[in-house]
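Bear in mind these aren't lab numbers, they're just calculated from the coordinates by the rules spelled out. Just so we're clear, the structure is a prediction, and the values are computed from it rather than from any experiment. Here Cβ is always computed from backbone atoms with ideal geometry, including for glycine, and neighbour counts include all displayed protein chains.
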Amino acid sequence: MEKTFTLQDLGASIDTQTLEVNIGPQHPSTHGVFRMNVVLDGETILSLKPVMGYLHRNHEQIAENMSYTGTMPYTDRLDYFNSMSNNLAWAMTVEKLANIDVPERAQYIRVIMAELTRIVNHVSVIGFLLNDLGAFFTPVLYAFREREKILDLFEETAGSRMMCNYLRFGGIKRDLPAGTLEKIKSVTSNLPKFLDEFEALLSKNEILCMRCQNVGVLPAELAVSASITGPMLRASGVNYDIRKVDRYSIYDRFKFRVPLGSKGDVYDRYYVRVLEIRESLKILEQALKDIPAGETISKKMAPFLKAPRNFKPPVGEAYARVEAPKGELGFYVVSDGTPQPWRYHVRAPSFINLTILEDMCIGQKIADAIVILGSVDIVLGEVDH
Amino acid sequence: MFYGSGVLRGMLVTLKHFVTSYFIRRSPETMRSGALVTLQYPEERLKEKERYRNFPFLIYDKTPDNLRCVACDICAKECPPKCIYIVREFDKDGKPLKRPAVFDIDFTVCMNCGICEEACPFDAIFMDHEFEIAGGNRQEKLLFHKDDLLKPNEHFHKIRPTDAETIDKRLREADEKKKAAEAAAKAKAAAAQQSSQTAAQPPKTA
């Protein structure tokens, strides 16, 4: 039974009721099918319960009934913005499991693709964050104009714009077509100009600053204890980048810096991503300069391109991780020597970064919850794998 | 800088694009060069990339009877979402033939990964560029049977010229090699027969 207001309540202390609101699951600002059970006092959030699983599609079970290569196109669909880095993580896991070497040229192409993916992800997440702030679709279209050019490159090399399915164990599916390296060079050489324009459009904008600064603050200790990774952790000022920590693939050869935030608010998360794009461009520049000629898949694995089901890794287990644009993406796989993995598990960065949402939102206004969710950078395909 | 200058600077960017948009020639090429231009889709089209893939098709040489598929079922086994269904054809005596009687691909299930094309040992199945396959009924329009999937080699040459060239060259070479091997085997058999005849003769006469 609801309590009714009386006029004498409107004194020095207003006794208000809490209001429960469901945001989502069908709501454009939740970036997919995701529900937040919010308890409000006026406009202030008292508690927020994220409800996930609307997009659950049994990813791990599917992979356990699939050949190792057959899982590759399914990893595209985890975080559908970054299929190349998902492919990279899965390929690295199986390479670790079966002790497979990757030729030089393939390593370089992998790094180039992973960094292009990072740029695609960061520009679009910034665009969508601004969407959530109410700058409806102007920044997104600036971001998507550049994303479009990179997706064209993906289409040219891998055959598909988003579901690339390009990497294979021990290398890549096919070499780059003739002339693509030049195209990547011309696209990346235009990107700094675009970033300057993008920053002129946004970074100093007073409305953006007011909405983002000191909103959704995530202290470094809390971020570490909740095992947050990726740009979110770095925005809180923790210097942890798996490209630097693990030095996987050939990342030890490139000079780049890890941008860090200081406060861990939404604005820092926005700005760390802008800076990360600039660092990615540095990596791309070096990789494009040094890329050698040669084979693109190791001799041991070349026959399995034609017959994926014949690939039977030795009995054992492996976990490999990469610095995906959203955080630490890892795959854990247990092999029993058959063509299918016995156990397969995904450590999805979007999912784990989302667990901290309530702590960031409590005490904020309801409109800020949307912005904070936008700054976490989730893709529901990965959250609900 | 005064308060509000950030907003004004952002507005200058959008104003610049608003003004320059009137001086940009509308074409797919200028869109790629960085201008925000809407492509008037059915009339204007982007050039398809050669490696672009979406749905598979079955290839045949010269006549539709001469399809390359031998119903080996490898693509159906490798297909991650299992959208391919194949039944081998048998002749009147119940002897299996090297061709499919049924070859169905459910396009509602297919996820365009291209693994069937990679796995096919006979270069019989390839990914097409056709994307305008919308229909009113998903059971009838999107379940493609063998006759819907069949396309000539010329079509493959049209959509993916470099791949078609290399595959044709490889097939030609394999064919020549096979013919040469057959001819050699024939010659050898003939020689063996002759020698066996000559070898068999002496005991007869003896």
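In straight Cα distance, which lysines are under 29 Å from A:LYS365, not counting same-chain residues fewer than 8 positions off? Correct list for A:LYS365: A:LYS3, A:LYS49, A:LYS204, A:LYS263, A:LYS326. Relative to the dominant Cα principal axis of chain A, helix A:104-133 is inclined by about 20°.
Counting, for every residue in A:198-210, the Cβ atoms of other protein chains within 10 Å of its Cβ and taking the mean gives 4. The modelled label-to-label distance between B:ALA134 and A:ARG257, using points 7 Å beyond Cα along the C-beta direction, is 5.0 nm. Find the centroid of the Cα atoms in segment A:214-250 and in segment A:298-347, then give the distance between the two in whole Å. With segment A:214-250 and segment A:298-347 each reduced to a Cα centre, they are spaced 26 Å. The slack in the chain from A:SER189 to A:HIS27, taken as 0.36 nm per residue of separation less the alpha-carbon distance, amounts to 54.6 nm.
Neighbouring Cβ atoms within 10 Å as the yardstick, rank A:GLU182, A:GLU104 fewest first.
Numbers: A:GLU182 10, A:GLU104 15.
Result, fewest neighbours first: A:GLU182, A:GLU104.
The B:LEU97 and A:ASN58 beta-carbon pair, evaluated with R₀ = 30 Å, returns a calculated FRET efficiency of approximately 0.20. Remark: the A:ASN37-A:ALA178 segment gains 45.5 nm on full extension, using 0.36 nm per residue and subtracting the alpha carbon distance. Highest mean packing first, where packing is the average number of other Cβ atoms within 10 Å per residue, the peptides A:155-167, A:138-150, A:108-120 line up as A:108-120, A:155-167, A:138-150. For a straight C-alpha distance cut-off of 22 angstrom, the lysines reachable from B:LYS146 (same-chain residues fewer than eight places away being disregarded) are B:LYS62, B:LYS77, B:LYS82, B:LYS92, B:LYS95, B:LYS98, B:LYS158. What's the angle, to the nearest 10 degrees (0 to 90), between helix A:138-158's Cα axis and the longest principal axis of chain A? In chain A, helix A:138-158 runs at an angle near 20 degrees to the longest axis. Charge tally for A:ALA63 (other residues, Cβ to Cβ under 12 Å; Lys, Arg +1; Asp, Glu -1): +1. Averaged over residues, the count of other Cβ atoms within 10 Å places the peptides A:48-57, B:1-10, A:232-241 in the sequence A:232-241, A:48-57, B:1-10, highest first. Estimated purely from DSSP H runs of n ≥ 4, each contributing -39500 (n - 2.57), the mean residue ellipticity at 222 nm for chain B is -13500 deg cm²/dmol once divided by its residues.
As a rough footprinting exposure proxy, the listed residues A:THR93, B:THR14 were ranked by other beta carbons within 10 Å of their own, and the order from fewest upward is B:THR14, A:THR93. Per residue, the convex hull around the alpha carbon atoms of the protein assembly as shown comes to 238 Å³. Taking the average, over residues, of other Cβ atoms within 10 Å as the packing measure, peptides B:101-110, B:134-143, B:158-167 rank B:101-110, B:158-167, B:134-143 from highest down. If R0 is 25 Å, the Cβ-Cβ spacing of B:LYS179 and B:LYS158 corresponds to a FRET efficiency of close to 0.30.
Relative to the longest principal axis of the Cα atoms of chain B, the long axis of helix B:5-20 makes an angle of roughly 60 degrees. For B:PHE144, what is the net charge nearby, where nearby means another residue's Cβ is under 13 Å from its Cβ and Lys, Arg count +1, Asp, Glu -1? That sum, taken over residues with Cβ under 13 Å, equals -3. Note on A:LYS365 and B:ALA190: the model spin-label points, each 7 Å out from Cα along the C-beta direction, lie 9.5 nm apart.
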